[in-house]
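Colleague: Here's a structure for you.
The values are calculated or read from the model by the stated rules, or taken from the named source; none is laboratory data. Note that the structure is a prediction, hence the values are computed from the model and not measured. Reconstructed Cβ throughout: ideal geometry from the backbone, glycine too, with neighbour counts over all protein chains shown.
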Amino acid sequence: MQLKVIAFDADDTLWVNEPYFRETENRFFELFQDYLPQHTVARELLKTEIDNLTLYGYGIKGFILSMIETALRISEKTIPLEVIERILQEGKDLLQKPVEIIDGVEDVLNALKGNYRLVMATKGDLLDQERKLKKSKLEHYFHHIEIMSDKREDDYRKLIKHLDIKPEEFLMIGNSLKSDALPVLNIGGHAIHVPYHITWAHETIETTIENKNFRQAEKIRDVLKLL
C-alpha cells in the first residue's frame, strides 16, 4: 500500500460511544413498559431514528427528538409532560458523558503519526464531536478533522480531494463496514475494519467483503501489523 493518509473513525473506534446510547435506550424502554413490550418500543424508536436521518442527521440531538416523537406516537399523545422532561434530561446527560479512549488507540496514533498524515473522519453532531475530541486530548495527533453529515462515496471523494491525494493513497479505519469500509473500497481506497462489541442496528450489514484493499483487525493495535 502506497499510503499517504490514514483516517480514523471516532465513535467506537477512538472512544466509547454506543454503550452510552444503549444505556439511555434501556431507560427509555422502561418508561413505556405499561404501553408496549420492550422489543416493540425498540423497533418503533429505530424506525423513527432512520426516518429522521435525512432531517436531523446523525448524533444525540436527533436521537433526543426521535425519542420524543416515538413517545408521543406509541402513547397516542397521552404521555405525561414529566416523561417528556425526563427524555430531554436523558439527552442532556448523554451530551455530558465522559470520553473514554479505547485501549490501544494512543499507541497506534503514536506509532503512525510520523509516517503518515492522520485524519479523524467521523459523522455526527458537530458540537458534540468537537466536545468529545477536545476532552479526548487526541486532537494533536491529527493533520485534519472532518466531521461529516454522512459517510457515502461522495463524502469520501470530497475528503480525498480536499486532502489532495488519490483514493489509493487513502486508508480508512473504523468499526462500521457500512460507513467506514464499503464506501471507501468502492472508490478505490483502502479500509481496515476494527469491530466494536456493540454496533447500532442501522450500521450493521450482513456481507462478506472480498476486496484486495480490505483488511480485518480484531483490535485497534492489530492495525500496525497490517500496514
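Colleague: Restricting to the stretch 158-178, give me the number of residues that are at pLDDT below 95 and touching a helix residue (DSSP H, G or I) at 6+ places or on another chain (Cβ under 6 Å).
Modeller: Summing the residues that are at pLDDT below 95 and touching a helix residue (DSSP H, G or I) at 6+ places or on another chain (Cβ under 6 Å) in the stretch 158-178 gives 2.
Colleague: Name the residue that is surrounded by the most Cβ atoms within 10 Å (Cβ to Cβ), counting only residues in the stretch 88-124 that are in a loop (DSSP other than H, G, I, E, B) and acidic (Asp, Glu).
Modeller: 100
Colleague: Next question, about the same structure. Quick one: is residue 160 closer than 28 Å to residue 54 by Cβ, outside any helix (DSSP H, G or I) and either without any contact (Cβ under 8 Å) to a residue 40 or more places away in the chain or of a type outside the set (Ser, Thr, Tyr) (or both)? Quick ask: steps written out before the conclusion?
Modeller: Details: closer than 28 Å to residue 54 by Cβ: yes; outside any helix (DSSP H, G or I): no; either without any contact (Cβ under 8 Å) to a residue 40 or more places away in the chain or of a type outside the set (Ser, Thr, Tyr) (or both): yes.
So residue 160 fails the test.
Colleague: Could you please find all residues in the stretch 163-196 being under 21 Å from residue 225 (Cα atoms), in a loop (DSSP other than H, G, I, E, B) and not β-branched (Val, Ile, Thr)?
Modeller: Selection gives 175, 176, 189, 195, 196.
Colleague: Shifting gears a bit: Residues to consider are 151, 123, 134; find the one that is under 18 Å from residue 12 (Cα atoms), free of Cβ contacts under 8 Å to residues at least 60 places away in the same chain, in the same structural domain as residue 192 (by TED's automatic domain parsing) and touching a strand residue (DSSP E or B) at 6+ places or on another chain (Cβ under 9 Å).
Modeller: Sole residue among the options that is under 18 Å from residue 12 (Cα atoms), free of Cβ contacts under 8 Å to residues at least 60 places away in the same chain, in the same structural domain as residue 192 (by TED's automatic domain parsing) and touching a strand residue (DSSP E or B) at 6+ places or on another chain (Cβ under 9 Å): 151.
Colleague: Now a separate question. Answer yes if at least one residue in the stretch 77-87 is among the hydroxyl-bearing types (Ser, Thr, Tyr), modelled with pLDDT under 90 and not in a helix (DSSP H, G or I), and no otherwise. Break it down stepwise before answering.
Modeller: So in the stretch 77-87, the residues among the hydroxyl-bearing types (Ser, Thr, Tyr) come out as 78.
If we keep only those that are modelled with pLDDT under 90 as well, we get none.
Checking the stretch 77-87: not a single residue is among the hydroxyl-bearing types (Ser, Thr, Tyr), modelled with pLDDT under 90 and not in a helix (DSSP H, G or I).
Colleague: Identify, by number, the condition in (1) within 24 Å of residue 142 (Cα to Cα); (2) within 18 Å of the chain's Cα centre (by Cα); (3) modelled with pLDDT under 95 that residue 63 doesn't meet.
Modeller: Here residue 63 meets the rest and fails (1).
Colleague: Just wondering, is there one or more residues in the stretch 31-48 that are touching a residue at least 60 places away in the same chain (Cβ under 8 Å) and closer than 23 Å to residue 152 by Cα?
Modeller: Yes.
Colleague: Let me ask something additional. Kindly evaluate residue 156 against the criterion of being hydroxyl-bearing (Ser, Thr, Tyr), in contact with a strand residue (DSSP E or B) (Cβ under 6 Å, 6 or more places away or on another chain) and surrounded by 13 or more Cβ atoms within 10 Å (Cβ to Cβ).
Modeller: The answer is no for residue 156.
Colleague: Do you know which of the residues in the stretch 1-26 that are assigned to a helix (DSSP H, G or I) and in contact (Cβ under 8 Å) with a residue 12 or more places away in the chain is nearest to residue 192 (Cα to Cα)?
Modeller: Taking the candidates together, the pick is 18.
Colleague: Does residue 151 count as under 30 Å from residue 93 (Cβ atoms), modelled with pLDDT of 90 or more and buried (at least 20 other Cβ atoms within 10 Å of the Cβ)?
Modeller: yes
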